[in-house]
Amino acid sequence: MTATTDGSNGAAPGADRPDRALQRAAEEAVARATRNLLARQDAAGWWKGDLETNVTMDAEDLLLRQFLGISDDTVTAASARFIRGEQRPDGTWATFHGGPPELSATIEAYVALRLAGDAPDAPHMSRASAWIRAHGGLAAARVFTRIWLALFGWWRWEDLPEVPPELVFLPRWVPLNIYDFGCWARQTIVPLTVVSALRPVRPAPFALDELHTDARDPRPARPQPPALSWDGVFHRLDRALRVYHRFAPRAVRRSAMDRAARWIIERQEHDGCWGGIQPPAVYSLIALHLLGYELDHPVMRAGLASLDRFAVWREDGARMIEACQSPVWDTCLAAIALADAGLPPDHPALVKAGDWMIGEEIGRTGDWAVRRPGLAPGGWAFEFHNDNYPDIDDTAEVILALRRIHHPDRARAEAAIDRGVSWTLGMQSRNGAWGAFDADNTSTLPNRLPFCDFGEVIDPPSADVTAHVVEMLAAEGRAQDPRTRRGVDWLLAEQETSGAWFGRWGTNYVYGTGSVVPALTAAGLAPGHPAIRKAVAWLESVQNEDGGWGEDQRSYQDPGTWAGRGESTASQTAWALLALLAAGERGGAAVSRGIRHLTTTQRPDGSWDEPHFTGTGFPWDFSINYHLYRQVFPLTALGRYRYGEAPAVPGRTPAPDPAATRSAPAPEAPA
């Protein structure tokens, strides 16, 4: 990146040099944060922070074990300890720190604790069941929760939307084929078609009458949507599929389930998981087991073993389940942070990280090739093992990280970068932007299905992913490539009237704006460009009194109230600073206040505290606390503030600054 720092080319006149005391405080903070991050590196070269979501992961893990008959007393007790620890005083559970109570999460947590032996009349359980009844009971839960209930006879399969396995027969050009869904939804829906067709019930060890609002009629009729609406059309389609379920030809249904099983098995990763994420693994194991795969079958053994690797055992004996693991993402962000903070490009820690990242390149085709059949593979996934689903966001950031590292085998590094760039360019959607996993995954019909009442099920282009690609292409010397310019034009057209950009994979407008502004300036937009000035004005307007920035997950539901609003966090403060620094505001008051916030809230060990969820899986529905975000993004922002620029290549020297009288020494890599 090549952000202007001296106020030229139309930058605001406030881009003066920072004061000496603040510069020194930033240098000391950089040194502490660098030592902390280096100490977290694995001997193999990677970084990985915990990926915290909500207790539905833990509850569904226990429900799966109960369904398969593999419950373990130690695991059950440890998971129950974690779930209890997340309960709030009113008896409920939320899906993010400080968020409102969430019905389905509360139901699943309650059921899991019942499985763990908690009595329904225990005070914490009574509070939960009372709240559940007051908010509609089991009948008001989302479809996925009621599927879990149906597996144990707590809900009737007949009262759930139909998802026939014959879906796998639909060719790509037919609406609602499986490739119209985002990859995460596709991997979940295919096994669930088998479960929905077979409708298994493993009798539960207890009833859940206390969670019904009316024991005589626990499944009240739901209002029918207007016949002439899209919802009405899909309601009638669901009714037709219910009839088909009763009369489906056995040979056709068996063939469909066999094809679904082959589809599932073909996508099992080397580590036994599916797509590197927990939910598809859970449903795939259930589906295959229902189709006759015994627990000792190699596919099942590997799948069950992979689930254990999602467990994080805490010091208090609690066991938390990660929905996913993020080593590639964490490693490239850590490498960028360390390089931008002044670590030499040939530092052993960076070289080791670069070598590990190169080894994680994906060299085979995956589901993305359905829409891009002639495109050669290349790129990186998010997880340790996920050869079927490399993602564009990770690929862009890995390339940016590798460009900052002097790898001893430069030819090998260059070849991996070239393949990644070519693959990324080939994944551009028709509108000039980029989604996360697929190109042109934009049909809105899947969102209309009665089955899809939770989270995003499609993968359209987003501003944050497109920005990271544009930034990467600019760093590769392709700022004037017509494909890059189309991405820039799309980003400019997507700017909100407020001056911000929507953040699909991070919370929310602060993340989107913090991603887009550095990309636009890297691609050649002057800091004085109207879009940049408008973004700067918005960031300044939402800065908190303490000098930081924060944004609550509720901005996805209520942007008018919550966009750019929330308690200050280290990661969101850093995102805002990255945008302001790229816009030439290094010496401005907002930047100074933001840097001061980071330096004064840093812990003595060089870390920051951040209980808030600043990552996004599905906007509003599924939030993430990436435990390494609080470390890598503040270090990146402080490093760029210290040097006065965000370099596209390693080996740069600090920006001339008479106030910078000393440099923080770069710590050595840990032994």
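The values are calculated or read from the model by the stated rules, or taken from the named source; none is laboratory data. Because the structure is predicted, anything quoted here is derived from the model rather than measured. Note that we place each Cβ from the backbone using ideal geometry, even for glycine, and neighbour counts take in every protein chain shown.
Brief remarks on what is shown
- Among residues of region 524-541 that are under 19 Å from ALA475 (Cα atoms), those with a beta-carbon under 8 Å from a residue that is part of a helix (DSSP H, G or I) and of a type in the set (Gly, Ala, Ser) at least six positions away or on a different chain give the pairs GLY524/ALA474; LEU525/ALA531; PRO527/ALA582.
- Exactly one residue out of ARG246, ARG236, ARG242, ARG262 is out of contact with any Cys (no Cβ under 8 Å at 6 or more places or on another chain), touching a residue at least 60 places away in the same chain (Cβ under 8 Å) and either assigned to a helix (DSSP H, G or I) or outside the structural domain of ARG199 (by TED's automatic domain parsing) (or both), and it is ARG242.
- In region 302-347, the residues that are of a type in the set (D, E, K, R), assigned to a helix (DSSP H, G or I) and under 20 Å from TRP505 (Cα atoms): ASP330
- Test: VAL168 is closer than 19 Å to SER284 by Cβ, of a type in the set (A, V, I, L, M) and part of a loop (DSSP other than H, G, I, E, B): no
- Only residues that are of a type outside the set (Lys, Arg), under 22 Å from ARG565 (Cβ atoms) and not in a helix (DSSP H, G or I) were counted across region 486-525, and they come to 13.
- The listed residue being among the hydroxyl-bearing types (Ser, Thr, Tyr), more than 23 Å from PRO634 (Cβ to Cβ) and at pLDDT 95 or above, out of THR507, THR561, THR521, THR569: THR561
- Contacts under 7 angstrom Cβ, first residue in region 556-571 being assigned by TED's automatic domain parsing to the domain that holds ARG596, partner part of a helix (DSSP H, G or I) and of a type in the set (Lys, Arg), 6 or more apart: TRP562/ARG554; ALA570/ARG630; SER571/ARG630
- Helices (runs of 4 or more DSSP H) enclosed by region 89-152 - at least 2 residues per element that are buried (at least 22 other Cβ atoms within 10 Å of the Cβ) and among the β-branched types (Val, Ile, Thr): 103-115
- Scanning region 175-201 for residues that are modelled with pLDDT under 95 and loosely packed, with under 15 Cβ neighbours inside 10 Å gives a single hit, PRO175.
- Scanning region 311-321 for residues that are surrounded by fewer than 21 Cβ atoms within 10 Å (Cβ to Cβ) and within 17 Å of GLY272 (Cα to Cα) turns up just one, ALA311.
- Residues located in region 67-86, provided they are assigned to a loop (DSSP other than H, G, I, E, B) and either aliphatic (A, V, I, L, M) or over 13 Å from ALA109 (Cα atoms) (or both): GLY69, ILE70, SER71, ASP72
- Residue-level check: of (1) closer than 30 Å to GLY49 by Cα; (2) aliphatic (A, V, I, L, M); (3) surrounded by fewer than 17 Cβ atoms within 10 Å (Cβ to Cβ), ALA251 misses just (1).
- When ALA381 is tested against (1) within 25 Å of the chain's Cα centre (by Cα); (2) surrounded by fewer than 24 Cβ atoms within 10 Å (Cβ to Cβ); (3) among the hydrophobic types (A, V, I, L, M, F, W, C), only condition (2) is not met.
- Screening region 413-457 for residues that are among the acidic types (Asp, Glu) and in contact with a Ser or Thr (Cβ under 9 Å, 6 or more places away or on another chain) and picking the one that is surrounded by the most Cβ atoms within 10 Å (Cβ to Cβ) gives ASP438.
- Subset of region 398-453 [at negative phi and of a type in the set (Asp, Glu)]: ASP409, GLU414, ASP418, ASP438, ASP453
- For LEU228: the one exception among (1) assigned to a loop (DSSP other than H, G, I, E, B); (2) in contact with a helix residue (DSSP H, G or I) (Cβ under 8 Å, 6 or more places away or on another chain); (3) not aromatic (Phe, Trp, Tyr): (2)
- One residue stands out among those in region 610-643 that are modelled with pLDDT under 95 and in contact with a Pro (Cβ under 8 Å, 6 or more places away or on another chain): the one that is farthest from GLY594 (Cα to Cα), which is TYR643.
- Filter result for GLU397 (modelled with pLDDT of 95 or more, in contact with a Leu (Cβ under 7 Å, 6 or more places away or on another chain) and more than 17 Å from TYR179 (Cα to Cα)): yes
- Checking region 177-188 against the condition returns no match, with no residue being touching a Phe, Trp or Tyr at 6+ places or on another chain (Cβ under 6 Å), part of a loop (DSSP other than H, G, I, E, B) and farther than 16 Å from PRO450 by Cα.
- The helices (runs of 4 or more DSSP H) found wholly in region 526-628 and carrying at least 1 residues that are surrounded by 24 or more Cβ atoms within 10 Å (Cβ to Cβ) occupy 530-541, 570-582, 589-601.
- When the test is whether a residue is part of a loop (DSSP other than H, G, I, E, B), under 30 Å from ALA207 (Cβ atoms) and not assigned by TED's automatic domain parsing to the domain that holds PRO373, VAL174 does not pass it.
- Just one of the listed residues (ALA401, ALA413, ALA381, ALA376) is in contact with a strand residue (DSSP E or B) (Cβ under 9 Å, 6 or more places away or on another chain) and either in contact (Cβ under 8 Å) with a residue 12 or more places away in the chain or β-branched (Val, Ile, Thr) (or both), and it is ALA381.
- Applying a threshold of 7 Å to beta carbon distances and a minimum spacing of six or more residues, or different chains, the list of pairs starting in region 196-207 at a residue that is in contact (Cβ under 8 Å) with a residue 12 or more places away in the chain and ending at one that is surrounded by 13 or more Cβ atoms within 10 Å (Cβ to Cβ) and among the charged types (D, E, K, R) reads SER196/GLU162; ALA197/ARG253; PHE206/ARG114.
- Note on region 425-482: residues that are in a loop (DSSP other than H, G, I, E, B) and of a type in the set (Val, Ile, Thr) amount to 4.
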